[in-house]
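> The structure is given below, and queries will be raised subsequently.
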Amino acid sequence: MFIGDSFYNGLVLHLQQTQNGMTYNNILTEIEGAIQIITINRPDKLNALNKETIEELGNAFSSAEADGNVRAIIITGSGEKAFVAGADISEFYQFSVEKGKELSAKGHEILFDLVENLTTPVIAAVNGFALGGGLELAMCSHIRIASDNAKLGLPEVTLGVIPGYGGTQRLAQLVGKGKANEMIFTAAMISAEEAKQWGLVNNVVPQEELLETAKKMASKIARNSPVAIASAIRSVNAGFKDGVNGYQSEIKEFGKCFGTEDFKEGTTAFMEKRKAVFPGK
Ligand code: COA
């Protein structure tokens, strides 16, 4: 059953309200063990990212990061048609230069950069169209899995604008400059299989298996040291930051691991031939 189902939606919303007192209008949140699932829930607008949705997402990701029990986050879209069909065009089509710049800067700050720099790993389960801001949201996530019907693209130049939530940077990082330029200039959508060949998504699965596949990967991640995973995220991200030496960051993060309880537990468990139970400290 897809999360877009109305009975299920009501149930999840109720659970969420009693979980942390937050009421969201555009997203659903659900906790399964150590996995936080966040679902964008505007299926009639193909989950387009309006201002309120971006704010709610920023809030939900921050809460998940602050919750010491969450060890992986899955972000997906409601319904079978779209992950996210882009930023909500109806909200910005009359914007001025200043307001356009502000829209982009705020989006970077409260959602796209925030997600990339979370120390809790984020898996995007791309369940259909991932266009514009939708693909940008998938790209700032740490890992992407797509359903076989997914279509990915950056159609902004068809609207007279460019990707403004990190797309010009992260697409080039993920697939190389030439392919990124082709995708941005032509505005063409690529299939999930092409996206896999290009290295834009890690894996492609039938749509009905998408969420389960993402949950399986999240569970695998959740068994490992969250402190070490946080260090790994910081190290990998460091290589893509201006003026930061990724190798030096790795050395620093590697050293820091030796002072953690997780390291003691992981190495002791190995020596004692048992499975580690990481305290996450
Ligand atoms: N912003 C605002 N609304 C959007 C949207 C977006 N990015 N993408 C889809 N919608 C809305 C449509 O306006 C429509 O609303 P309506 O029923 O009130 O008219 C609804 O979602 C369904 O979309 P529709 O276009 O009817 O579906 P479709 O199957 O014919 O086409 C797409 C699907 C994805 C090809 C098409 O919706 C599209 O091109 N969307 C915009 C993609 C885009 O340019 N994104 C980048 C934005 S920067």
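The values are calculated or read from the model by the stated rules, or taken from the named source; none is laboratory data. Bear in mind the structure is a predicted one, so any value in this text is a computation, not a measurement. Cβ sites come from the backbone with ideal geometry, for glycine too, and all protein chains shown count toward neighbours. Heads up: the accessible areas ignore ligands, DNA and RNA and are worked out on the full protein's heavy atoms, side chains in. Shrake-Rupley method; radii C 1.70, N 1.55, O 1.52, S 1.80 Å.
> Only one of these conditions is not met by L103: (1) in contact (Cβ under 8 Å) with a residue 60 or more places away in the chain; (2) part of a helix (DSSP H, G or I); (3) open to solvent by 50 Å² or more (accessible area, probe 1.4 Å); (4) more than 12 Å from the ligand (Cβ to nearest atom). Which number is it?
Going through the list (1) in contact (Cβ under 8 Å) with a residue 60 or more places away in the chain; (2) part of a helix (DSSP H, G or I); (3) open to solvent by 50 Å² or more (accessible area, probe 1.4 Å); (4) more than 12 Å from the ligand (Cβ to nearest atom), L103 breaks only (4).
> List pairs: first in the range 248-262 and in a loop (DSSP other than H, G, I, E, B), second open to solvent by 40 Å² or more (accessible area, probe 1.4 Å), Cβ under 8 Å, 6+ apart or cross-chain?
T260/A228; T260/K281
> If you check V205 against the conditions, is it in contact with an Asp or Glu (Cβ under 9 Å, 6 or more places away or on another chain), away from the ligand (no atom under 16 Å from the Cβ), farther than 20 Å from H108 by Cβ and modelled with pLDDT of 95 or more? Give the derivation first.
Values: in contact with an Asp or Glu (Cβ under 9 Å, 6 or more places away or on another chain): yes; away from the ligand (no atom under 16 Å from the Cβ): yes; farther than 20 Å from H108 by Cβ: yes; modelled with pLDDT of 95 or more: yes.
Here the answer is yes, as V205 does meet what is asked.
> Here's another thing I want to ask about it. Of the numbered conditions (1) within 13 Å of the ligand (Cβ to nearest atom); (2) of a type outside the set (A, V, I, L, M, F, W, C); (3) over 24 Å from I74 (Cα atoms), T186 satisfies every one except a single condition; which is it?
For T186, the exception is condition (1).
> Now for a different question. Could you check, for the range 251-259, whether at least one of its residues is surrounded by 14 or more Cβ atoms within 10 Å (Cβ to Cβ) and small (G, A, S)?
no
> Another question, if that's okay. What's the number of the condition M139 fails, among (1) assigned to a helix (DSSP H, G or I); (2) farther than 16 Å from F83 by Cα; (3) out of contact with any Ser or Thr (no Cβ under 8 Å at 6 or more places or on another chain)?
If we test M139 against (1) assigned to a helix (DSSP H, G or I); (2) farther than 16 Å from F83 by Cα; (3) out of contact with any Ser or Thr (no Cβ under 8 Å at 6 or more places or on another chain), just (2) comes out false.
> Out of the residues in the range 261-281 that are of a type in the set (D, E) and under 13 Å from N224 (Cβ atoms), state the one that is nearest to the chain's Cα centre (by Cα). I'd like the intermediate steps shown before the answer.
If we filter the range 261-281 for residues that are of a type in the set (D, E), which is where we start, we get 261-262, 265, 272.
Imposing the further condition that a residue be under 13 Å from N224 (Cβ atoms) reduces the set to 262, 265.
Details: D262: 25, E265: 29 Å.
Only one residue tops the list, namely D262.
> Something else: What is the residue count in the range 106-134 for residues that are more than 16 Å from the ligand (Cβ to nearest atom), open to solvent by less than 50 Å² (accessible area, probe 1.4 Å), touching a residue at least 60 places away in the same chain (Cβ under 8 Å) and within 11 Å of the chain's Cα centre (by Cα)?
Qualifying residue count for the region: 7.
> Does the range 38-56 hold any residues that are surrounded by 21 or more Cβ atoms within 10 Å (Cβ to Cβ) and of a type in the set (D, E, K, R), and which are they?
R42, E56
> Criterion first (of a type in the set (G, A, S) and under 21 Å from T23 (Cα atoms)) does A64 satisfy it?
yes
> Another question about this same structure. When you check R144 against the structure, is it in contact with a strand residue (DSSP E or B) (Cβ under 8 Å, 6 or more places away or on another chain) and either at negative phi or buried (at least 17 other Cβ atoms within 10 Å of the Cβ) (or both), yes or no? Break it down into steps so the answer makes sense when it comes.
Values: in contact with a strand residue (DSSP E or B) (Cβ under 8 Å, 6 or more places away or on another chain): yes; either at negative phi or buried (at least 17 other Cβ atoms within 10 Å of the Cβ) (or both): yes.
Considered against the rule, which asks whether it is in contact with a strand residue (DSSP E or B) (Cβ under 8 Å, 6 or more places away or on another chain) and either at negative phi or buried (at least 17 other Cβ atoms within 10 Å of the Cβ) (or both), R144 comes out as yes.
> Another question, if that's okay. Which pairs turn up if I take residues in the range 152-172 that are farther than 20 Å from A82 by Cβ and among the aliphatic types (A, V, I, L, M) and look for partners that are in a loop (DSSP other than H, G, I, E, B) and near the ligand (Cβ under 10 Å from one of its atoms) with beta carbon separation below 7 Å, at least 6 apart in sequence or on another chain?
Taking only residues 6 or more apart or on different chains, the pairs are V157/A187.
> Continuing with this model, one more query. Select from the range 155-177 the residues that are outside any loop (DSSP other than H, G, I, E, B) and within 9 Å of the ligand (Cβ to nearest atom) and list them in ascending order. Walk me through it before giving the result.
Within the range 155-177, the subset outside any loop (DSSP other than H, G, I, E, B) is 156-159, 167-175, 177.
Result: E156, T158, L159.
> All but one of (1) in the same structural domain as S147 (by TED's automatic domain parsing); (2) open to solvent by 50 Å² or more (accessible area, probe 1.4 Å); (3) out of contact with any helix residue (DSSP H, G or I) (no Cβ under 9 Å at 6 or more places or on another chain); (4) within 29 Å of I54 (Cα to Cα) hold for Q197; state the number of the condition that does not hold.
(4)
> Okay, moving on. Which residues, counting only those in the range 89-100, are of a type in the set (A, V, I, L, M) and more than 10 Å from the ligand (Cβ to nearest atom)?
V97
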